[in-house]
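Let me begin by presenting the structure, written as structure tokens, before commenting on it.
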Amino acid sequence: ETGVTQSPTHLIKTRGQQVTLRCSSQSGHNTVSWYQQALGQGPQFIFQYYREEENGRGNFPPRFSGLQFPNYSSELNVNALELDDSALYLCASRIGLAGQETQYFGPGTRLLVL
Amino acid sequence: KNEVEQSPQNLTAQEGEFITINCSYSVGISALHWLQQHPGGGIVSLFMLSSGKKKHGRLIATINIQEKHSSLHITASHPRDSAVYICAGATGNQFYFGTGTSLTVIP
């Protein structure tokens with residue numbers, strides 16, 4: 001148990017729809033990162049939030065957006081879903097910004113876009 | 001070319017064998033993480049290294065900062081070690097992940 005939960009566990013959407021994925025971090029973890037992991041690939045960094053502000057972003061288009069809330073929960077929103085968005089979406093939380101702190105991963109949300 | 005490369009991609013071992021997974025990185029990092037991912041997706045952090053060596057049970061992780069190389073060793077491997085092992089380089093605001101090594105340990 002990492003103390004990080006995600007919902008839903010599985011989700012099926014159709015192309016063009018919008019989706020919101022949720023993550024609840026460990027208390028006190030003010031940094032949350034979101035990753036996309038396609039089948040057979042390593043995770044790809046989407047973005048990171050620190051104290052409710054985005055402070056880093058990978059190579060993902062603006063239709064991927066996020067929010068972080070004061071209660072250590074966060075959301076990943078994806079608009080205009082495409083077939084290639086089908087993947088496992090992982091959130092990970094840690095204390096502080098520096099990469100030397102351990103990240104705690106949630107179990108992921110598996111999204112299928114038809 | 002990825003910022004973090006792992007080898008091998010797939011590995012099958014007999015129970016009891018000594019296993020080594022290698023990771024090389026080309027970016028400046030503050031720490032190197034080894035992660036374990038089981039079928040179904042859940043990721044567990046095994047080690048975080050910025051220098052030297054760490055040991056936890058049958059797992060040993062080493063890092064050579066000058067050569068930008070890290071290894072994960074599993075001694076006396078067991079079928080429950082079967083998983084995907086991922087190394088990730090950490091910078092200030094993001095992680096660069098390798099594509100993972102899929103390990104299968106046969107009884």
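The values are calculated or read from the model by the stated rules, or taken from the named source; none is laboratory data. Only a predicted model underlies this, so the values are computations on that prediction, with no experimental measurement involved. Note that we place each Cβ from the backbone using ideal geometry, even for glycine, and neighbour counts take in every protein chain shown. Just the protein is used for accessible areas: all its heavy atoms, side chains included, with ligands, DNA and RNA removed. Shrake-Rupley method; radii C 1.70, N 1.55, O 1.52, S 1.80 Å.
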Convex hull (Cα only) mean projected area of the stretch A:1-63, reported in nm² to one decimal: 5.6 nm²
Karplus (6.51, -1.76, 1.60) ³J(HN,Hα), θ = phi - 60°, over the stretch B:53-61, in Hz, Gly and Pro reported as x: 9, 9, 10, 9, x, 8, 9, 10, 10
Accessible-area ranking of A:T109, A:T2, largest first, probe 1.4 Å: A:T2, A:T109
Alpha carbon centroid spacing (whole Å) that separates the stretch B:38-92 from the stretch A:24-76: 23 Å
Phi-based couplings in Hz for the stretch B:97-105 (Karplus 6.51, -1.76, 1.60; Gly and Pro marked x): 9, x, 7, x, 10, 8, 9, 10, 10
Set of aspartates and glutamates near B:K54 by C-alpha distance (under 13 Å), chain-local residues within fewer than 8 positions excluded: none
Sequence ranges B:8-20, B:27-39, A:73-85, ranked by mean other-Cβ count within 10 angstrom, highest first: B:27-39, A:73-85, B:8-20
Rounded FRET efficiency, nearest 0.05, which uses the C-beta distance separating B:N10 from A:R63 and R0 of 30 Å: 0.30
Cβ neighbours within 10 Å from other chains - mean over A:28-36: 1
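Tell me the Kirkwood hydrodynamic radius of chain A in angstroms, computed as one over the mean inverse distance between distinct C-alpha pairs.
Values: mean 1/r = 0.0718 Å⁻¹.
For chain A, the Kirkwood estimate is 13.9 Å.
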Chain A - charge dipole about Cα centre, Lys and Arg +1 at Cβ, Asp and Glu -1, debye rounded to 20: 160 debye
Net +/- balance of residues flanking B:I86 in space, Cβ distance below 15 Å, scoring K and R +1, D and E -1: -3
Pair-distance profile P(r), taking every C-alpha pair of the stretch B:1-52, with 5 angstrom steps and integer %: 4, 13, 20, 27, 22, 10, 3, 0
P(r), alpha carbons of the protein assembly as shown - 10 Å bins starting at zero, rounded %: 8, 34, 35, 18, 4, 0
Computed Kirkwood radius, in angstrom, where 1/r is averaged over Cα pairs of chain B: 13.8 Å
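Over the whole of A:39-45, what's the average partner chain Cβ count within 10 Å per residue? Rounded to a whole number, please.
6
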Aspartates and glutamates with Cα under 17 Å of B:K68, excluding same-chain neighbours fewer than 8 positions away: B:E3, B:E5
